[in-house]
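Note sheet for the following structure.
Read the figures in this text as sums done on the coordinates, not as results from a lab. The structure presented is a predicted model; accordingly, all values stated were derived computationally and were not measured. Cβ placement follows ideal geometry from the backbone for every residue including glycine, while neighbour counts extend to all protein chains displayed.
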Amino acid sequence: MTLETNYITAYADYFTNKIIEYSPVAISAFVILFVGLYAIRIINRFMRKLMVKQNLDPTLTKFLADILLWILRGLLFVTVIDKLGIGTTSFVTILATMGFAIGMSLQGSLSNFAGGILIILFKPFKVGDTIEAQGVMATVLEIQIFVTKLVTGNNQTIFVPNGALSNGTITNYSMQGTRRADLTIAISYGTDLKKAKDIITNVLSQDTKVLTTPVAEVSVKNLTDSAIQLAVRPWAKTEDYAAVVASTLENCKLAFDEAGIVFQPFVSELSNTKKPEQQ
């Protein structure tokens with residue numbers, strides 16, 4: 001019983017001495033940790049303000065600030081474990097191996113990550129733009145690192161992976177600021193062509209949302225077996241495009257009705273189709 005008591009006393013003294021010996025190191029490591037976290041917070045906030053003053057894109061600002069935040073946290077973590085006396089060489093090797101394994105299993109996610117970086121850097125579109133890509137036409141709500149968030153005209157939210165988005169064809173309807181509507185109005189051969197064109201031109205000139213520059217175009221597009229097809233091409237601001245298309249068609253119909261001109265209905269062309277031989 002005396003022997004066991006001596007062992008217990010010896011172990012207690014040993015652990016007490018180790019705690020006393022290690023306490024300054026542990027305290028200094030925790031001080032470095034808390035001071036480092038506070039300093040990282042200040043640095044990150046300062047860099048965000050600096051990038052905002054430089055008029056950087058908000059998405060790019062957030063992305064760079066987040067990358068800086070995690071790099072600084074990683075450096076702080078390595079500093080703290082080194083201060084605690086833990087070997088950083090083997091630890092970094094383990095992290096590198098884990099990173100490689102994770103990277104191999106998340107190739108698709110890494111592709112989306114790289115796509116997000118390309119989109120943010122090269123800016124084929126920005127938040128608020130109307131785009132068509134991957135079979136979807138919608139307005140950009142948010143550009144995230146892995147996906148781009150879109151909203152359609154009927155208020156459906158769509159998430160498109162950045163990898164596929166950056167590698168595919170993107171049509172940006174908002175980048176130029178203006179759009180041309182390509183409409184077709186068909187009239188019969190018995191209609192006064194000049195009168196019809198004058199009516200359409202007058203309708204476009206009275207629409208305040210139709211731009212005067214570039215000038216709207218009204219011309220003969222095609223002569224079919226059943227109708228004269230007129231190309232009506234007004235220009236509008238991107239945000240007014242849908243309204244201009246709707247008002248042009250409606251006002252042309254009302255003006256034609258007043259003038260006694262009838263829209264020629266679509267007729268399937270059969271002139272080049274051989275009739276089956278009768279038995």
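With each label modelled as a point 7 angstrom along the Cα→C-beta vector, the T79-A243 pair spans 5.6 nm. Summing Lys and Arg as +1 and Asp and Glu as -1 over all other residues whose Cβ lies under 15 Å from the Cβ of R41 gives a net charge of +3. Here K253 and L118 are evaluated by their C-beta separation; at R0 = 35 Å the FRET efficiency comes out at 0.15.
The lysines whose alpha-carbon is closer than 22 Å to the alpha-carbon of K221, local same-chain residues fewer than 8 away aside, are K194, K195, K197, K253.
Computed from backbone phi, the HN-Hα couplings of the range 160-177 come to 10, x, 5, x, 5, 5, 6, 9, x, 7, 10, 9, 9, 7, 9, 4, 7, x Hz, rounded to whole numbers (Karplus: 6.51 cos²θ - 1.76 cosθ + 1.60, θ = phi - 60°; Gly and Pro given as x). Placing a label point 7 Å from the Cα of Q134 along the Cα-to-Cβ direction, the residues of the range 150-166 with a backbone N closer than 14 Å are 150-152, 157-166. When all alpha-carbon pairs of the range 178-259 are counted, what percent fall beyond 19 Å? Value for the range 178-259: 32 percent of Cα pairs lie more than 19 Å apart. Amide H contacts of Q144: K149, each under 5 Å away and 5 or more positions distant or on a separate chain (H built 1.01 Å from N in the peptide plane; Pro and chain starts excluded).
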